[in-house]
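The values are calculated or read from the model by the stated rules, or taken from the named source; none is laboratory data. Bear in mind that the values here come from a model prediction, so they are computed numbers and not experimental data. When we count neighbours, we look across all protein chains shown, and the Cβ atoms used for this are built from the backbone with ideal geometry, even at glycine. These area figures cover heavy atoms from the full protein model, side chains too; ligands, DNA and RNA do not enter into them. Shrake-Rupley method; radii C 1.70, N 1.55, O 1.52, S 1.80 Å.
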Amino acid sequence: MGADQFDDFEPRERVQKASFFNWWMCSVFTGVLFANTVMMYIQDNVGWDVGYGIQTVGLGLALLVFLGGTPFYRHKKKARTSYTRLAQVVVAAMKKWRVRIPDDPKELYELSINEYASSGRLRIDNTPTLRFFDKVATKTGPTSSWILCTMTQVEEAKQIFKMVPILIATFVPSATFGQVATLFIRQGNTLERSIGSHFKMPPASLKACIQVALLISLVFYDRVFVPRMGIGLSLFVVVMATSSLTERNRLSVAREHGTVGEHDIVPLSIFVLVPQFILMGVANAFPEAAKLEFFYNQAPEGMKSLGTSYYTTNMGIGNFLSSFLLQTVSAVTKRNGQPGWITNNLNQSHLDYYYALIAVLCFVNLVYFLLVVWKYVYNVDAIEYRKELAMAAIGDTASRDNRD
């Protein structure tokens, strides 16, 4: 992960790392924009062989750049598998579920700070969150790593587990973004797409509006706005409310002109959908960068890859949730002989109701997110750890001087 190349103990590099996630997202979505515009045009008008050839050359150059930079990267020491360390804490907690946690945290099992300092590792002090797992560091006799773990190892597990409620709050926005590839594009197929007398705009090309809006928003995100997921989650409510109103207008025009057949084209320009595409790009810019930054920064040292895996997890589950919502709403609204909100004929469907429902879900999710964040306890800053290690080093130096 590129963020590993920045040192949290250096103020200048800490600031650079904060911007790294935004610019990494910029590079990803610039590639998506290039694929949805330039590459799509080349493959449709020049040839698929040329398109695939350009992509192959691009991947080869990217690989050469990566390999060329490898000697200059910062390489971290190999640590024990994150999953093993987490599994040890969980197994030990289940085995010791009846054990009483001592009132004094100093009685919990932990190595000395000097042992951590000598190996370049960071010790994590006991925190009041997820107190149940403190049983794992409670001394009961056996010293197996599957029965007794250090307080630092327990706190590492806590840091991973306490992010789960935040992870859950990202599912609905990811599911909402999934509507772009399905219903937003299908809406475009029902509208007037002619530009001039010889060109018809492909509905899928509207996704470029999302990428452009997202890239512009990321720049402002990095320079102006405080990086908070709450901004993006709030905007998702606005996106779906706007989409609902736009769809209600489209259906009104369809009924007014009698274009209610499955293949009828509603006499309304496809550009009426542009605002909801742009808003979707702006809304997605804030949580995408913030999620990656949050999950990486809040994961313990040695488990950063596990923390960032939460980012890809939310996208995968979000896509499944999007399909589940679509199928469930479609099935439920067809009961008792009703036509349903979502049918093959969008001109007689009620996507406006469906979008309004998602707007309500986004609002409920926003409230849930705010409650979770209110209770969330952020990890101790790395600077505090550095002070602790420095004090340990001073103590070692003093003790050696006394012996000499």
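Close amide H pairs (under 5 Å, H built 1.01 Å from N) link Leu191 with Val266, residues at least 5 positions away or on another chain. Relative to the longest principal axis of the Cα atoms of the chain, helix 151-161 runs at roughly 10 degrees. Our coupling estimate for region 165-179, obtained by passing each phi through the Karplus curve with A = 6.51, B = -1.76, C = 1.60 and θ = phi - 60°, is x, 5, 4, 4, 5, 8, 5, 5, x, 5, 5, 5, 5, x, 5 Hz, Gly and Pro reported as x.
Rolling a 1.4 Å probe across the protein heavy atoms gives the chain an accessible surface of 54 Å² per residue. Per-residue 3J(HN,Hα) values for region 52-65, derived from phi via the Karplus relation 6.51 cos²θ - 1.76 cosθ + 1.60 with θ = phi - 60°, read 5, x, 4, 5, 5, 4, x, 5, x, 5, 4, 5, 5, 4 Hz in sequence order (x marks Gly and Pro).
For region 24-146, what percent of Cα pairs sit more than 16 Å apart?
Percentage above 16 Å: 77.
Rounded to the nearest 10 degrees, the inclination of helix 229-257 to the longest alpha-carbon principal axis of the chain is 10 degrees. Shape class of region 215-299 from the Cα gyration tensor (axes a ≥ b ≥ c, square roots of the eigenvalues): prolate, since a/c reaches 1.5 or more and a/b is larger than b/c. Within region 245-287, the GluC sites (Glu not before Pro) that combine a DSSP coil assignment with at most 11 other C-beta atoms in a 10 angstrom radius are Glu262. Structure remark: mean-square fluctuation, Gaussian network model of the chain, C-alpha springs under 10 Å; the largest value among Ala62, Ala157, Ala285 belongs to Ala62. Would you work out what percent of the accessible area of region 44-176, with all protein chains in place, is carbon or sulfur (probe 1.4 Å)? Accessible surface attributable to carbon and sulfur in region 44-176 totals 64 percent. Of all stretches in the chain that contain no trypsin sites (Lys or Arg not before Pro) in a DSSP loop with at most 13 other Cβ atoms within 10 Å, the longest one is 140-404.
Based on the Stokes-Einstein relation at 20 °C and a viscosity of 1.002 mPa s, and on the Kirkwood radius from alpha carbon pairs, the chain is assigned a translational diffusion coefficient of 86 µm²/s.
In the elastic network of the chain, a GNM with C-alpha springs shorter than 10 Å, the most mobile of Pro105, Pro142, Pro275 is Pro142.
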